[in-house]
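Beneath this line is the structure, given in structure tokens, with notes to follow.
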Amino acid sequence: MVDTRVVLSGITLDNPVIPASGTFGYGREFAEIYDINILGSISFKGTTKDARLGNPLPRIAECPDGLINSVGLQNPGVEAVCREELPNLAKIYQKPLIANISGFSIEEYITCARAMDKEPQVGIIEVNVSCPNVHNGGMAYGVCADSAAEVTRAVKEVTTKPVYIKLSPNVTDIVEIAKACEDAGADGISLINTLLGMRIDIKTRKPVIANKMGGFSGPAIFPVALRMVYQVANAVNIPVIGMGGVSSAADVIEMMMAGAAAVQVGAANLVNPYACKEIIEELPALCEELGIEKLADIIGIVK
Ligand SMILES: Cc1cc2nc3c(=O)[nH]c(=O)nc-3n(C[C@H](O)[C@H](O)[C@H](O)COP(=O)(O)O)c2cc1C
């Protein structure tokens, strides 16, 4: 029998498959169609200090092999997340969670981290310094090594939970930023967030997305994500959660061979709500076919 367990900062996951933040909400809709307790963990929707309605519509543009989203961190705000969403999620999912947080100032990141620190079910705090869909904040912190390190230090000061920094691919040197976060005390790195993209409706001669640009993700970005996971995993000594275009068990194995200790699945959940379930079910057979007895053994096996 294949051992699919992986460990992130002392937390053992039954398997490495985790729905990516913003593509699984708080699990409710998915729990109606399958038992979500099969998931390794869940990175729930990005939480900000205040409630956010998100960006104007339309905010999704379909592309070949992917999609552009400009949701803009729609969420009820950290108080409501802790008061309502997390207790509801606890009824349908009983494993440690990944709390994805975002901010428009260091203080806002601190407020969210403090709140998540008090939540017993939160195992890891994933700090999004890479959202391309909000102005002044979000990605602004993730495109510069100094500011990414500043957010890391600030969050680390207010929590004892492991802190993973989620990086943007919209940078020249992702390794420099990942290393700055590691030096600032990060316990892990998540990557990648979406690539800044755009579509134009040639009939209306207007951008498809109301906000003009958005974050491109889905299978088309997989090779870019894999390359960045490989580069970062080889440069840091902390775990890397890999994501970007993962939609099959083979993609999970490829990401892990590149250096990912666990893998998140994003856009695939929007195309096929059973995506994570199918990947988890396919993994053991594919491992057997490839002669893998223990999934953790392949992490970073490609040098
Ligand atoms: C609709 C949508 C909403 C997202 N919201 C968030 C978010 O709130 N926080 C975050 O860190 N990433 C967010 N992301 C980025 C994903 O978590 C993931 O990093 C990215 O989509 C790449 O993975 P994929 O190619 O599998 O979609 C969102 C992505 C999509 C498609």
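Quick rundown of the values:
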item	result
Answer residue from segment 176-204, given it is under 15 Å from K166 (Cα atoms) and part of a strand (DSSP E or B) and is farthest from the ligand (Cβ to nearest atom) among those	G188
Residue in segment 1-36 that is nearest to I189 (Cα to Cα), counting only those that are within 19 Å of the chain's Cα centre (by Cα), among the aliphatic types (A, V, I, L, M) and more than 11 Å from the ligand (Cβ to nearest atom)	L8
Test for I209: is it within 15 Å of the ligand (Cβ to nearest atom) and among the β-branched types (V, I, T)	yes
Given (1) over 14 Å from the mean Cα position of the chain (by Cα); (2) closer than 30 Å to D201 by Cβ, index of the condition S130 fails	(1)
Hey, A220 of a type in the set (G, A, S) and surrounded by fewer than 18 Cβ atoms within 10 Å (Cβ to Cβ) or not	no
Residue that is farthest from the ligand (Cβ to nearest atom), among those in segment 37-56 that are among the β-branched types (V, I, T) and either touching a residue at least 60 places away in the same chain (Cβ under 8 Å) or out of contact with any helix residue (DSSP H, G or I) (no Cβ under 9 Å at 6 or more places or on another chain) (or both)	I38
Condition check for K206: charged (D, E, K, R) and without any contact (Cβ under 8 Å) to a residue 12 or more places away in the chain	yes
Residues of segment 1-20 that turn out to be small (G, A, S) and without any contact (Cβ under 8 Å) to a residue 60 or more places away in the chain, as a count	0
Residue count for segment 253-270, restricted to those that are within 13 Å of the ligand (Cβ to nearest atom) and either part of a helix (DSSP H, G or I) or modelled with pLDDT under 95 (or both)	4
Exclusive hit being in a loop (DSSP other than H, G, I, E, B) and either buried (at least 18 other Cβ atoms within 10 Å of the Cβ) or touching a residue at least 12 places away in the same chain (Cβ under 8 Å) (or both), set L67, L73, L89	L73
Candidate set from segment 151-168 (those that are assigned to a helix (DSSP H, G or I) and not aliphatic (A, V, I, L, M)); member that is nearest to the chain's Cα centre (by Cα)	T152
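Matching residues to (1) of a type outside the set (G, A, S); (2) within 8 Å of the ligand (Cβ to nearest atom); (3) assigned to a helix (DSSP H, G or I):
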position: G214; (1), (2), (3): no, no, no
position: P223; (1), (2), (3): yes, no, yes
position: R227; (1), (2), (3): yes, no, yes
position: S247; (1), (2), (3): no, yes, no
position: D251; (1), (2), (3): yes, no, yes
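The values are calculated or read from the model by the stated rules, or taken from the named source; none is laboratory data. Source: prediction; values computed, not measured. Counting neighbours? That spans all protein chains shown, and the Cβs are built from the backbone with ideal geometry, glycine included.
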